[in-house]
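Report on one structure; see the data block that follows.
The values are calculated or read from the model by the stated rules, or taken from the named source; none is laboratory data. From a predicted model like this one, the values you see are computed outputs, not experimental measurements. Backbone-built Cβ (ideal geometry, glycine too); neighbour counts: all protein chains shown.
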Amino acid sequence: AQSVAQPEDQVNVAEGNPLTVKCTYSVSGNPYLFWYVQYPNRGLQFLLKYITGDNLVKGSYGFEAEFNKSQTSFHLKKPSALVSDSALYFCAVRVATSGTYKYIFGTGTRLKVLA
Amino acid sequence: GAVVSQHPSRVICKSGTSVKIECRSLDFQATTMFWYRQFPKQSLMLMATSNEGSKATYEQGVEKDKFLINHASLTLSTLTVTSAHPEDSSFYICSARPQIRTGGRHTEAFFGQGTRLTVV
């Protein structure tokens, strides 16, 4: 079955320190991978995506993610965390189904950046 | 970026009544829209895929007669929760993806701001 796993429910990091939010996937074929962020009572905001090409993808707000095919991972990273980065982060994979596409989301990781 | 507007953002309704949630793509046409349900501290669960001009495709375990989806135009999809009960209280989120033929093959889906439904 196609799936996305985010092994950490919560990640705590001090402001200014680098952060990593982990994501692994299991899909058939080449994966289309995404990271979204969600603030309380809000929808999801797109951060970045990997479709093809360079394994290191740069996105919004200084975030980046590295696609690792051998480890089937797509970890989200940021060199220096901000308190305002505190939110819920979702990794997702887009899969083809019945002539269209759908997104499968991980369970989410709550990032808490401490001042 | 592309904008998806979801309305209302919050709604409280009495048990047994129906509630309609609208999802509009404001600056692009979306052949396909998705409806998700999110429980507190949980991930998004896809409920159904809405295709313009045709019947929605529901995920396993989702009652199509309870969650009516209409996708009447390329910019509007609606979700109606019929005969709502307290257990239907949840956060509902829609998303839309631009048409593939207009360059949308590799684009991401855009999400509405969500609707908090409370059934009392």
For the subset of segment B:108-120 comprising residues that are in contact (Cβ under 8 Å) with a residue 24 or more places away in the chain and out of contact with any helix residue (DSSP H, G or I) (no Cβ under 9 Å at 6 or more places or on another chain), which member is surrounded by the most Cβ atoms within 10 Å (Cβ to Cβ)?
-> B:Gly112
Matching residues, segment B:70-101, being in contact (Cβ under 8 Å) with a residue 40 or more places away in the chain and within 12 Å of the chain's Cα centre (by Cα) | B:Leu76, B:Ser77, B:Thr78, B:Leu79, B:Thr80, B:Val81, B:Phe91, B:Tyr92, B:Ile93, B:Cys94, B:Ser95, B:Ala96
Counting only residues that are in a loop (DSSP other than H, G, I, E, B) and touching a Gly at 6+ places or on another chain (Cβ under 8 Å), which one in segment A:37-69 is modelled with the lowest pLDDT?
-> A:Asn41
Checking A:Phe34 against (1) outside any loop (DSSP other than H, G, I, E, B); (2) surrounded by fewer than 17 Cβ atoms within 10 Å (Cβ to Cβ), the condition it does not meet = (2)
Quick one: would you say A:Asp54 is of a type in the set (Asp, Glu) and over 20 Å from A:Gly16 (Cβ atoms)?
-> yes
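Looking at A:Arg110, A:Arg94 in this structure, which one is in contact with a strand residue (DSSP E or B) (Cβ under 6 Å, 6 or more places away or on another chain), within 9 Å of another protein chain (Cβ to nearest Cβ) and under 27 Å from B:Thr32 (Cα atoms)?
A:Arg94
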Segment B:19-46: number of residues that are more than 10 Å from the chain's Cα centre (by Cα) and either within 12 Å of chain A (Cβ to nearest Cβ) or buried (at least 17 other Cβ atoms within 10 Å of the Cβ) (or both) = 14
For A:Leu88, all conditions in the list (1) at the interface with another protein chain (Cβ under 8 Å from one of its Cβ atoms); (2) not in a loop (DSSP other than H, G, I, E, B) hold save one; what is the number of the exception?
-> (1)
